[in-house]
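Below is one structure; the comments refer to it alone.
The values are calculated or read from the model by the stated rules, or taken from the named source; none is laboratory data. Fair warning: this is a prediction, and the values are worked out from it, not measured in the lab. We place every Cβ from the backbone using ideal geometry, glycine too, and count neighbours over all the protein chains shown. Please note that ligands, DNA and RNA were not included when accessible areas were found on the heavy atoms of the full protein model with its side chains. Shrake-Rupley method; radii C 1.70, N 1.55, O 1.52, S 1.80 Å.
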Amino acid sequence: MKLLWITIWFLCVCFTAKCQEDEGPYKGKYLGKLNSYHHQVSGDVYVVDEYSILLSGFSYDGNGADTFFWAGASNRPGPQGFIVPDEYGYTNVLERYLNKDFTLSLPDKKKITDIRWFAVYDIWSQNTFGDIYVPEEFEPPTIQNVGQLSGKKNNVSSGDIQILDAKRLRINKFEYDGNAKKAQFWVGVGPQPGPKGFRVPDENGYLEPIRSYKEESITLELPGDLTIFTIDWFSIYDQENFENLGSFIVPDGLNVPPSLVKIISHKNELPNCLQLHKEFQVSWEIFGPQITIQLAGNIEEYEYMAFGISGSETYSQMLNSDVTVAYIDGYRGFATDYNISALAPCVKVLGQYKGVCKDDLVGGQDSNQIHTAVRENGINIVTYRRFLISPDSGDKEFITDKPLYIIWALGKLDENKEPAFHTIYPKNNISIEVNPKEPTNNCFAFTRDETRRNNVIEIWEKGELDGKASRVFNAYLGPSGGSKGYEGITGQPATSLAWYINGYLVPEIWLRRGLTYAFKVYGGNNPHMAELYHPLIITDESHGGFDKLTDEAQSKIRVLAGIEYSRRGRPRPTSAGSLCLARHAENRDRRLDDDFPSFKKYNRSLIYTCENGDPAVLEFTPNTSWPDTVYYNSFTQANMGWKIHVIDTFSSLSKSKGNKTNIFNWFFLITVIAILQFEILT
């Protein structure tokens, strides 16, 4: 009898999510196997959520005459039903399937609870080839509320906590004062939170100690192959004092949707591995006088990975650091040695290169030896070697007898395959043991949510100015504003700074030929400061950075204003004025720029300062030889400005802007005239 009860218990457990986790990825609430009658129909059916089902291992020979996925609310499958679109959203006659997994969504927002059966049904012959029935009291997976954070210290509290699916949870109205130095989002197994557990990346994928939150709603994704079914608790945990600052217990048997996140395994062949970010990890091994380093990033093909030794021995500092910039260009991999002498793209300052410059450009040598480079499953994997003590005096040493402070970043490559401003980077100090007594590894599998990756970011409203209202424009510098700012507006990789014209971030400007205009330029006039020296120029090329181009590249660009030439034919700027700069407040993290819903609110958060001195005045008169579209930009650095539209008359301004309001006004005017003419005629 005891054996019978054990058997029954085991069978019941196997229908729960935890049993399914042991057998494979959680697919949803198991409904059952398709009843097979004809044409080799077979497969398992899972309910994903209120509106969708998953067919797993589905097969059908494709020989039906007029066969569809079919569902209805009658007692059994028959003509009184409706077509369920296929996995592509089409209502075509079904073709052959062989052991396929795919998701189907009920049409017209119908719910699983609205139907009594699902079938593979042939309309012409009115035959059911396979079916499955939905129990009357069936509860489909849905978002589950699991209470609130039980706060203990540091003002930790929250509103409702929702389990969105097997890998994601949302904490509503989350509060935390940010005063614990090493507080982390933390999960684990056991009766209560403790030091043994797993770090959970924050809402932006960072693994560093969490920032302060004030009634913010955040969505977190469990790392690697962890799911809500493999953990018992979630905590805000102080790693320094081993304290639970606030937590909640995960209920058993949660009926939640399966995750759409794809787990991408990446095997680290080197013994030591450090997870730097949800999307980035570094692994390494020392052999003799050399170190082998592998960088792996869940990034796009046009992005780079940067990793290197800090410019300071006591904390992580990007300035004066020794960095490798790794990327893959087609079938070629690169791990290029860079030196960072200023927090700006590499520019030539008074005959010397400063900024993020390749070692061989500043008198050193590229000390990295590329070993392998491959892109697999959307992961860039670049392996390279270098000496612990480099023969290049400009390189830093990989010290092995104490912690080594490091820096890292992810970002986009510009049009010249050079690193643009990094979009993902740490704010805290990071150190590693280069040669630990025992190998260390805290890396986990990468994940990818294609539905979120393909989402279009809603950029800030684009600024527009025209020379009809004013012929004088004030140009000063400010932060580029993340993916909603410069990148979203222009479609070009951003640097750290961009032009602000009359209070707008890189607005499009409309000017009339034959009129004289002026820019008052507050871009900095100290050429010794590479990051804050930006004379304004106008050319027929969209990127700018004229001074850093080769002679051949310069010869292909038409300079319209802002540059004069020396007797030796060297270009020099004419519009270097005093500096006016908008910057983030000290307590503001620029990595969170995308959180601002509009540029107006973002602009209000910035602090404006101006140095003593007069602006440079760039005066110019567009004429008939000017192209219809030209660009204002920086003389020293690329990708800081945007478009100027040159028009013949202001009457064509609305047409140039494509202003929908003006189109409506013209339509309204024409309609009124037509009505008046009709009344006159009648």
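Computed values, structure above
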| quantity | calculated |
| --- | --- |
| Members of the stretch 466-488 that are farther than 20 Å from Phe421 by Cβ, open to solvent by 10 Å² or more (accessible area, probe 1.4 Å) and either part of a strand (DSSP E or B) or touching an Asp or Glu at 6+ places or on another chain (Cβ under 7 Å) (or both) | Asp466, Val472, Asn474 |
| Selection from the stretch 350-403 of residues that are basic (Lys, Arg), in a loop (DSSP other than H, G, I, E, B) and in contact with a Ser or Thr (Cβ under 8 Å, 6 or more places away or on another chain) | Lys396 |
| Flag if Ile607 is in contact (Cβ under 8 Å) with a residue 24 or more places away in the chain, part of a strand (DSSP E or B), more than 15 Å from Leu477 (Cβ to Cβ) and open to solvent by less than 90 Å² (accessible area, probe 1.4 Å) | no |
| The one condition in (1) over 20 Å from Pro141 (Cα atoms); (2) open to solvent by 20 Å² or more (accessible area, probe 1.4 Å); (3) touching a residue at least 60 places away in the same chain (Cβ under 8 Å) that Val189 fails to fulfil | (3) |
| Positions within the stretch 123-182 being closer than 20 Å to Leu254 by Cβ, surrounded by fewer than 16 Cβ atoms within 10 Å (Cβ to Cβ) and charged (D, E, K, R), in sequence order | Glu137, Glu139, Asp160 |
| Count of residues meeting criterion [in contact (Cβ under 8 Å) with a residue 60 or more places away in the chain, open to solvent by less than 20 Å² (accessible area, probe 1.4 Å) and at negative phi] in the stretch 347-372 | 2 |
| Residue within the stretch 214-221 that is under 20 Å from the mean Cα position of the chain (by Cα), among the small types (Gly, Ala, Ser) and surrounded by fewer than 17 Cβ atoms within 10 Å (Cβ to Cβ) present | yes |
| Matching residues in the stretch 52-91 - criterion: being among the acidic types (Asp, Glu), under 18 Å from Leu34 (Cβ atoms) and either more than 35 Å from the chain's Cα centre (by Cα) or open to solvent by less than 30 Å² (accessible area, probe 1.4 Å) (or both) | Asp61, Asp86 |
| Given (1) at pLDDT 50 or above; (2) in a loop (DSSP other than H, G, I, E, B), number of the condition Tyr46 does not satisfy | (2) |
